[in-house]
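To start, the structure itself, in structure tokens.
The values are calculated or read from the model by the stated rules, or taken from the named source; none is laboratory data. What you are looking at is a predicted structure, and each value in this text was computed from that prediction instead of being measured. Here Cβ is always computed from backbone atoms with ideal geometry, including for glycine, and neighbour counts include all displayed protein chains.
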């Protein structure tokens, strides 16, 4: 049971560190372009630009 004295603060510290990293990534805009990664993985650069133009035209 003595090991809990070390494990509980370590778990809380690592959880806080993960939360801080997540909040930092949200603040710096890491999740702003959700569709871009899928386009880059599946299509060529020319097709990506054409698809983005089509999306912009639909929004207007």
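Numerical summary
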| read-out | value |
| --- | --- |
| Segment 1-24, residues that are surrounded by 10 or more Cβ atoms within 10 Å (Cβ to Cβ) and modelled with pLDDT under 95 | none |
| Residue satisfying all of: in segment 25-37; assigned to a helix (DSSP H, G or I) and exposed (fewer than 10 other Cβ atoms within 10 Å of the Cβ); modelled with the highest pLDDT among these | 27 |
